[in-house]
Amino acid sequence: MLVKLRGWAEELGFSQIGVAGVDLAAAEPGLTEWLAAAYHGTMGYMARHGSKRSRPAELVPGTLSVITARMDYLPRALDEGWQAMEWQRLAAPGAAAVSLYARGRDYHKVLRARLQALADRLAGEIGPFGHRVFTDSAPVLEVELAARSGLGWRGKHTLALSREGGSMFFLGELFVDLEFPPTAAAEAHCGSCKACIEVCPTRAIVAPYRLDARRCISYLTIEHEGPMPIEFRAALGNRIYGCDDCQLVCPWNKYARRATLPDFDERVGLGQATLLQLWAWNEAEFLRRTEGSAIRRIGYQRWQRNLAVALGNALRETGDAAICDALGSRREAASAVVQEHIDWALTQNPERSPLA
Ligand code: SF4
Ligand code: SF4
């Protein structure tokens, strides 16, 4: 049956599938420790599900196996040497850096639909069965399941990492009330490398395999509500949605693969946009241009907050008067939180700041 499942999964755009059992007890102490250290920040939903996170059969009663799947997401048109291009973008103060995974269609929708299609194919073969689909879902220990089922080991940056596909892939799971033999676990291949730990702009990887989400730019730009902590504003650079640094530096990502689906192709020029172009979007334009994209989930206020921080960083580097003008032009209509970020941004170049 696994051979058939693999064939269907490939047709549906998945790069690999595996099977994990439901006993994740060995992962419980690490999870409890991570939560106790408050490394999850304000992501209260991470703690809310308690032991259900490490016990799939408690989360979805009747679950006997978990079918795990990974899907490569690099945009199909991405050039060779894409890592170098991403580093160049990060070094260009006026450019906008959006995580590679978020430049196309919302992966939650794509993966959910494809995992459901996989379940439907299986049901067509063996008859109805109980199942539930998850992707990037808080109650599920995705990386643990991926590692146990052989999709990839947990890298020191805490993401799943594969010898065949690096780490630029999404994960999804199908909890099923069917008993499948588990596939072999992945072996770890980080060795003595610590490039991801060293490159992290905010020192968020506090130890190998341990991420303090409160310091991570992905968390800060996407999950974190309210003001951006002052101590991290400069380190954000021009990253306005997510951060890829720890993956860009990872030697295994020379094996990262392009998506087979068109869904993750770049939309609305997000791979080339400048900060000023994106700052010019009003709320209606933001909603229109991010329709069907994961970026829409953060809402216009967080989008503007992130852009204001990045523009402040660009202003510090370039002293460009056009940045001051653009920031000032949106101040009056902005929310109090965004106004505070605009004011902070303007003070990054005191000579040119109207506040000076
Ligand atoms: S995503 Fe960025 S901020 Fe977060 S751990 Fe990786 S390099 Fe650090
Ligand atoms: S950069 Fe090095 S240590 Fe970090 S995940 Fe990749 S191989 Fe592992």
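Name the residues in the range 114-137 that are surrounded by 16 or more Cβ atoms within 10 Å (Cβ to Cβ), free of Cβ contacts under 8 Å to residues at least 60 places away in the same chain and closer than 16 Å to residue 180 by Cα, would you?
Within the range 114-137, 119, 131 qualify.
So which residues in the range 48-91 are of a type in the set (D, E, K, R), under 30 Å from residue 5 (Cα atoms) and under 21 Å from the mean Cα position of the chain (by Cα)?
53, 70, 72, 76
Starting from the range 221-239, take each residue that is at pLDDT below 95 and list its partners that are assigned to a loop (DSSP other than H, G, I, E, B), counting only C-beta distances under 6 angstrom and pairs at least six apart or across chains.
Correct list of pairs: 223/43.
Of all residues in the range 290-314, count the ones that are within 23 Å of residue 74 (Cα to Cα), without any contact (Cβ under 8 Å) to a residue 24 or more places away in the chain and crowded, with 17+ Cβ neighbours inside 10 Å.
1
Please specify each residue of the range 205-218 satisfying the condition of being among the aliphatic types (A, V, I, L, M) and surrounded by 21 or more Cβ atoms within 10 Å (Cβ to Cβ).
Selection gives 205, 211, 217.
For the range 164-187, does any single residue satisfy the condition of being surrounded by fewer than 19 Cβ atoms within 10 Å (Cβ to Cβ), within 12 Å of ligand 2 (Cβ to nearest atom) and of a type outside the set (Phe, Trp, Tyr)?
no
So which of 202, 158, 221 ends up being farther than 28 Å from residue 292 by Cα, within 10 Å of ligand 1 (Cβ to nearest atom), crowded, with 19+ Cβ neighbours inside 10 Å and under 17 Å from the mean Cα position of the chain (by Cα)?
Result of the check over 202, 158, 221: 202.
Condition first: modelled with pLDDT of 95 or more, within 30 Å of residue 308 (Cβ to Cβ) and in a loop (DSSP other than H, G, I, E, B). Can you find one or more residues in the range 29-42 that meet it?
no
Can you go through 258, 331, 239, 233 and tell me which one is within 24 Å of the chain's Cα centre (by Cα) and more than 16 Å from ligand 1 (Cβ to nearest atom)?
Testing whether each residue is within 24 Å of the chain's Cα centre (by Cα) and more than 16 Å from ligand 1 (Cβ to nearest atom) leaves just 258.
Count, please, the residues in the range 58-82 that happen to be surrounded by fewer than 19 Cβ atoms within 10 Å (Cβ to Cβ) and either assigned to a helix (DSSP H, G or I) or free of Cβ contacts under 8 Å to residues at least 40 places away in the same chain (or both).
Result for the range 58-82: 6.
Enumerate the pairs (first residue in the range 188-207 and under 18 Å from residue 165 (Cα atoms); second residue anywhere and more than 8 Å from ligand 2 (Cβ to nearest atom)) with beta-carbon separation below 6 Å, excluding pairs fewer than 6 apart on the same chain, so at least 6 apart or on different chains.
Going by the 6 Å Cβ cut-off, the qualifying pairs are 188/153.
Check whether at least one residue in the range 48-57 is modelled with pLDDT of 95 or more, farther than 24 Å from residue 212 by Cβ and crowded, with 16+ Cβ neighbours inside 10 Å, and report yes or no.
No, the range 48-57 contains no residue that is modelled with pLDDT of 95 or more, farther than 24 Å from residue 212 by Cβ and crowded, with 16+ Cβ neighbours inside 10 Å.
The values are calculated or read from the model by the stated rules, or taken from the named source; none is laboratory data. The shown structure was predicted, so the numbers you read here are calculated from the model rather than taken from an experiment. Using ideal geometry, Cβ is built from the backbone for each residue, glycine included, and neighbour counts are taken over all protein chains shown.
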